[in-house]
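What follows is one structure encoded as structure tokens, with my remarks underneath.
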């Protein structure tokens, strides 16, 4: 009995240490992201957009006076191109930083990886995350829940 209790205490200590390690990694990642910004130039080199920690537009520069010879629609396209690419770059950097935290613990396989609310972490830039297996936003999970509810409601009404 004593060996069993000691074994449980050892597992509990490992789990606590694992949790503390994850919490420290999350705090470090959040600190790193709070100072993050990303600047990207439009494909035509006329505009540079900078996004901040939440993927928000933090700066916009018109380069080398190129905008003077552009039509309004060309300039708008260049601005949108630079902003979308900066947001996409930001979202990928955030995913790369936090993704390791979504994996199960190497030392304690019983501890699953964290479920990450990408919408909360990257704000509007979550929409720019490329689709990858296992990377799901809170909106995706909500849509799944709504779809499941709709399917259940549909089956219930068909049974009647």
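The values are calculated or read from the model by the stated rules, or taken from the named source; none is laboratory data. All values derive from a computational prediction rather than experimental measurement. Backbone-built Cβ (ideal geometry, glycine too); neighbour counts: all protein chains shown.
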Looking at this structure, is residue 85 part of a strand (DSSP E or B) and touching a strand residue (DSSP E or B) at 6+ places or on another chain (Cβ under 6 Å)?
no
Name the residue, out of 64, 77, that is at pLDDT 80 or above, over 25 Å from the mean Cα position of the chain (by Cα) and not in a helix (DSSP H, G or I).
64
Residue count, segment 93-116, condition at pLDDT 75 or above, in contact with a helix residue (DSSP H, G or I) (Cβ under 7 Å, 6 or more places away or on another chain) and surrounded by fewer than 16 Cβ atoms within 10 Å (Cβ to Cβ), comes to 1
Checklist (1) under 30 Å from residue 116 (Cα atoms); (2) in contact with a strand residue (DSSP E or B) (Cβ under 9 Å, 6 or more places away or on another chain) applied to residue 20, failing item
(2)
In segment 36-92, the residues that are touching a helix residue (DSSP H, G or I) at 6+ places or on another chain (Cβ under 6 Å), free of Cβ contacts under 8 Å to residues at least 60 places away in the same chain and within 17 Å of residue 118 (Cβ to Cβ):
38, 53, 87, 88, 90, 91
Just to be sure, is residue 13 free of Cβ contacts under 8 Å to residues at least 24 places away in the same chain, surrounded by 15 or more Cβ atoms within 10 Å (Cβ to Cβ) and not in a strand (DSSP E or B)?
no
Of the conditions (1) surrounded by 14 or more Cβ atoms within 10 Å (Cβ to Cβ); (2) in contact with a helix residue (DSSP H, G or I) (Cβ under 8 Å, 6 or more places away or on another chain); (3) under 30 Å from residue 81 (Cβ atoms), residue 26 satisfies every one except a single condition; which number is it?
(3)
If we ask which residues in segment 33-53 are at pLDDT 80 or above, surrounded by 14 or more Cβ atoms within 10 Å (Cβ to Cβ) and not in a strand (DSSP E or B), their number turns out to be 6
